[in-house]
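*Asks:* Here it is: the structure, laid out below.
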Amino acid sequence: RHNPQGDGQFLEDESTKIFARKVADHYSARSNQTLEEREASPIIHLKKLNNWIKSVLIQLYTCRGDAVLDLACGKGGDLIKWDKAKIGYYVGIDIAEGSIKDCHTRYNGDADHHQRRKKFTFPARLICGDCYEVRLDKVLADDAPFDICSCQFALHYSWSTEARARQALANVSALLRPGGVFIGTMPDANVIIKKLREAEGLTFGNSVYWVRFDEEFSSKKFKSSSPFGIKYTFHLEDAVDCPEWVVPFHIFKSLAEEYDFELVFAKNSHEFVHEYMKKPEFVELMRRLGALGDSNQDQSTLSPEEWEVAYLYMTFVLRKRGQPDKT
Ligand code: SAM
């Protein structure tokens, strides 16, 4: 095959595809858990805490009737959160066929594994695809513009190459209306690199997770390496086991600016929890979700190991430049 960019580029393209497949297969293969299995998970309180973080972000930035684009929507775990925010329309995209199938099932309310519930009030379109490889503006021309785009625990899968990181931001930018918001959560590169520097070798973790960097990214070489393609393997008990990529935040911020975004805020999850636990409505939400347990009711709470995993993540909010239409 003629390859004008040379074999190096060809090999990079191939390995990028292989890794994207690996990520897709990993998530596709994860089956739905029963409520009992979920409650018995060693990271159940972390899952609840992450749901609280996502709920707070959604409540802070969504208006009634909004059109929502959920990039890497997974099994549709956030559908109920969007329903509570009374959105008007939802498009979910994910690369994992199995997850999109589960998302369909959950949206249709046939076999919700947590509880039987009424149908969602908003219309939805669910698509299986690689959000970081293809241009979505044509695919979603009839659905755009969106008021809000959400990418939860997934944007780091776009940082395997510069082209993919750019495609991710180009897609969101093209599909959001002026003044629209891009909310998300992803690993906090500052924490991950700090932990790597403090580690004896290329691995660190605790009883519920480990991170292992490839030999080529031993911390000393970090300064000279490209900010894209910094790969590690992430293992989280009962949740994740796949290749991921570091997203150096200052590079992410300046790349986002190229695509017409301005930063509203970025916060490590610990800081996010401390800040929003000052607000009574979110304290009440935390109590209802049970993330921090309830000492009065003798419930268990987030373990120090789970709290350390929370520290590996951050939340971000970006706003697309421009004024919203008054109509
Ligand atoms: N956003 C969901 C949530 O918060 O429950 C799912 C998060 S899960 C940790 C990461 C998701 O990213 C998986 O569903 C995976 O299939 C999806 N993903 C990874 N790479 C992707 C890509 N290139 N395009 C679309 N989805 C992708």
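We did not get these values from a lab; they are worked out from the coordinates using the rules stated. Predicted, not measured: the structure shown is a model, and the values here were computed from it. A quick note on method: Cβ atoms are made from the backbone with ideal geometry, for glycine too, and the neighbour counts reach across all protein chains shown.
*Asks:* So how do 76-82, 89-95, 228-234 stack up, highest first, on mean other-Cβ count within 10 Å?
*Replies:* Descending mean neighbour count gives 89-95, 76-82, 228-234.
*Asks:* Then there's this: Which whole DSSP H helices in the chain pass both tests: a Cα extent of 15 Å or more along the axis and a mean Kyte-Doolittle value no lower than -1.0?
*Replies:* Correct list, ordered by number: 7-29, 44-61, 162-175.
*Asks:* When the expected Rg is taken as 2.2 N^0.38 Å, what fraction or multiple of it is the alpha-carbon Rg of the chain?
*Replies:* So the chain has a normalised radius of gyration of 0.99.
*Asks:* I want the local charge near residue 54. Using Cβ-Cβ distances under 15 Å, sum +1 for each Lys or Arg and -1 for each Asp or Glu among the other residues.
*Replies:* Counting the neighbours of residue 54, the net charge comes to +4.
*Asks:* Another question about this same structure. Within the range 71-194, how many lysine pairs that are 8 or more places apart, or on different chains, have C-alpha atoms less than 25 Å apart?
*Replies:* Lysine pairs, 8 or more places apart or on different chains, close enough: 18.
*Asks:* Hey, another quick one. With the calculation restricted to Cα positions, what are the radius of gyration and Dmax of the range 172-327 in angstrom?
*Replies:* 18.5, 59
*Asks:* Between residue 97 and residue 35, what FRET efficiency follows from the Cβ-Cβ distance if R0 is 22 Å, with the result rounded to 0.05?
*Replies:* On the way: r = 25 Å, r/R0 = 1.12.
Taking R0 as 22 Å, the efficiency between residue 97 and residue 35 is 0.35.
*Asks:* When Lys and Arg each count +1 and Asp and Glu each count -1, what net charge do the other residues less than 13 Å away from residue 125, Cβ to Cβ, add up to? Working shown, then result.
*Replies:* Values: positive: none; negative: 70, 94, 142, 143.
Its environment carries a net charge of -4.
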